[in-house]
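Novice: Structure incoming, see below.
The values are calculated or read from the model by the stated rules, or taken from the named source; none is laboratory data. Keep in mind that what you see is a predicted model, and the values were worked out from it rather than measured. Counting neighbours? That spans all protein chains shown, and the Cβs are built from the backbone with ideal geometry, glycine included. When the accessible area is computed, the model is the full protein with side chains, heavy atoms only, and any ligands, DNA or RNA have been set aside. Shrake-Rupley method; radii C 1.70, N 1.55, O 1.52, S 1.80 Å.
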Amino acid sequence: MRLLAATCGAGVCLLTGCAPATGIRTDADVGTDTRPAMTLTVSAETDEPTTVWFDTRQRNPSGLQGEGVDATPVELSPQRPAVVLPVPYEHGNWLWARVAGPPGRPAATVVRCELRSAAGAVVDVDASDPLGPPPGEAACAGAA
């Protein structure tokens, strides 16, 4: 009976995976990372309310694409010049974020992006060229 129980227990471990309760992260835990997402700060220097758009993409080390965010509008104004957004991110992936102003944006409007790790460290910062042609884009990228 003990042999049958030990054999069944070993079979369950092979099928579902067993790890000692040590608190040490194993390779099997990579897909279950529960840390907060990275954050993207989207901002614009403008004298009037404006809509900017952001999107994100991520790629893992083997080149496969991970979860991203499609083009999403963000309303900004002189009273609310920046918004901090959590973005999906799996530890170890490379994350790209892009912020674009509207094609008809007022002259000299600058859009910015700032990408931060879950721990709050700045990963990358970029700003658009106020004299450049529309839509005026800023792009941030990095891994944490």
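Novice: Only one of these is on the phi < 0 side of the Ramachandran plot and without any contact (Cβ under 8 Å) to a residue 60 or more places away in the chain: E75, E45. Name it.
Specialist: That would be E75, the only listed residue that is on the phi < 0 side of the Ramachandran plot and without any contact (Cβ under 8 Å) to a residue 60 or more places away in the chain.
Novice: So, of the residues in region 110-144 that are of a type outside the set (A, V, I, L, M, F, W, C), over 13 Å from the mean Cα position of the chain (by Cα) and buried (at least 16 other Cβ atoms within 10 Å of the Cβ), which turns out to be modelled with the lowest pLDDT?
Specialist: In this case the residue turns out to be P135.
Novice: In addition: Could you list all residues from region 89-101 that are out of contact with any Gly (no Cβ under 6 Å at 6 or more places or on another chain) and open to solvent by 30 Å² or more (accessible area, probe 1.4 Å)?
Specialist: Of everything in region 89-101, those that are out of contact with any Gly (no Cβ under 6 Å at 6 or more places or on another chain) and open to solvent by 30 Å² or more (accessible area, probe 1.4 Å) turn out to be Y89, H91, G92, W94, W96, R98.
Novice: Do you know which of the residues in region 10-35 that are aliphatic (A, V, I, L, M) and closer than 22 Å to G92 by Cα is modelled with the lowest pLDDT?
Specialist: I24
Novice: Of all residues in region 58-82, how many are open to solvent by less than 40 Å² (accessible area, probe 1.4 Å) and assigned to a strand (DSSP E or B)?
Specialist: Of the residues in that region, 4 qualify.
Novice: Further question on the same structure: Here is a check on your reading of the model: is L85 surrounded by fewer than 17 Cβ atoms within 10 Å (Cβ to Cβ) and either in contact with a Cys (Cβ under 9 Å, 6 or more places away or on another chain) or assigned to a strand (DSSP E or B) (or both)?
Specialist: So L85 fits the description; yes.
Novice: Also, quick follow-up: Among the residues of region 36-57 satisfying the criterion of being open to solvent by 20 Å² or more (accessible area, probe 1.4 Å) and among the hydrophobic types (A, V, I, L, M, F, W, C), which is farthest from W94 (Cα to Cα)?
Specialist: So, considering only residues that are open to solvent by 20 Å² or more (accessible area, probe 1.4 Å) and among the hydrophobic types (A, V, I, L, M, F, W, C), the one farthest from W94 (Cα to Cα) is W53.
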